[in-house]
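Taking it in order: structure first as structure tokens, then the write-up.
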Amino acid sequence: MKQYIAVSPRETAQMNTAELRAHFLIETLFVPGSVELAYTHYDRMLVGGAVPQGTEALTLPCPDTLKANYFLERRELGILNIGTAGQVTVDGTVYNLGEQDCLYVGKGSREVSFSGEGARYYLLSAPAHKEYPTTVRTQAEATPVELGSQETANQRTIYKYIYNEGIPSCQLVMGLTQLKPGSVWNTMPAHVHDRRMEAYLYFNLPAGQRVLHLMGEPQQTRPLWVSNEQAILSPPWSIHTGAARRLTPSSGAWPAKTSSTPTWTPCRSTHFNNPTATCFLFSF
């Protein structure tokens, strides 16, 4: 399990592109037949991905880094299925998750396993001080919030899953941003949350497309190009905003336009943040 050490704005301002990617970009989360985990020193948050292959279920491991007898001994877990329908089994109880359905697994749950050919589970985990019940919330049950406008290219629907008025938790807040056709910015205006970090997963990008994610201090912004199903860590001091951009034409030939007028296309993202947000997706 790779660890991501927390770094300051001063250090980040001196980093080259390779160093930025090494400290903030989680490049590989979804490996067939595997559970991939990344531990961050920002709020001790853990990011992961699970991709079952065939009929064999995958078991959530307990890395030595957690210093625990089992993964959820002192943690809680959010799971979002970004693939086709699958099943998550928690202590013998099977929970069916369709595409973009969410499952919260509370502190004290001992055994978690993932199954379903074609399912792709995005995992987020934070320390927990209290037990909350394991709960499913489908996308149809999620609370939608409409934000942005077509004029500013940030018209989007935010689906809220884990938050106070939805699935209660100790620290996790989990939601999905889905852009409208013609919109490209997943968070506008860009802003910071100086009391907690966030993690973004960008997914459902067509082949040959990337997300331009902007981070860093407001007066010292840094860009990162992000591929499909890669995640970005956003420290409390950093802005966060991203836009989808086509880097190479899917047809094999560039459209008839100049290099100064690139083609922009929608993407989707999920994110995590602690429950002190006052100006982003979830307010407490």
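The values are calculated or read from the model by the stated rules, or taken from the named source; none is laboratory data. What you see is a predicted model, and the numbers here were worked out from it, not measured in a lab. All Cβ positions, even for glycine, are placed from backbone atoms using ideal geometry, and neighbour counts span all protein chains on display. Only protein heavy atoms, including side chains, enter the accessible area calculation; ligands, DNA and RNA are left aside. Shrake-Rupley method; radii C 1.70, N 1.55, O 1.52, S 1.80 Å.
What to note about this one:
- Which numbered condition residue 156 misses (of (1) free of Cβ contacts under 8 Å to residues at least 40 places away in the same chain; (2) open to solvent by 30 Å² or more (accessible area, probe 1.4 Å)): (2)
- Taking the criterion of being open to solvent by less than 20 Å² (accessible area, probe 1.4 Å) and assigned to a loop (DSSP other than H, G, I, E, B), the residues of segment 107-119 that qualify are 109, 116, 119.
- The set of residues in segment 71-81 being in a strand (DSSP E or B) and of a type outside the set (D, E, K, R) consists of 77, 78, 79, 80, 81.
- Criterion (part of a strand (DSSP E or B) and either over 13 Å from the mean Cα position of the chain (by Cα) or at positive phi (or both)) met by exactly one of 104, 122: 104
- Count of residues meeting criterion [part of a loop (DSSP other than H, G, I, E, B), of a type outside the set (S, T, N, Q) and within 21 Å of the chain's Cα centre (by Cα)] in segment 15-70: 15
- Residue count for segment 157-184, restricted to those that are over 15 Å from residue 141 (Cβ atoms) and either in a loop (DSSP other than H, G, I, E, B) or more than 18 Å from the chain's Cα centre (by Cα) (or both): 11.
- Residue in segment 125-149 that is nearest to residue 39 (Cα to Cα), counting only those that are of a type in the set (Val, Ile, Thr) and in a loop (DSSP other than H, G, I, E, B): 134
- Checked against the criterion of being out of contact with any strand residue (DSSP E or B) (no Cβ under 9 Å at 6 or more places or on another chain) and at pLDDT below 90, segment 220-233 contains one or more residues that satisfy it.
- Single condition residue 12 does not satisfy, out of (1) open to solvent by less than 30 Å² (accessible area, probe 1.4 Å); (2) at pLDDT below 95; (3) under 17 Å from the mean Cα position of the chain (by Cα); (4) not aliphatic (A, V, I, L, M): (3)
- Boolean, residue 201 is open to solvent by less than 50 Å² (accessible area, probe 1.4 Å) and modelled with pLDDT of 90 or more: yes
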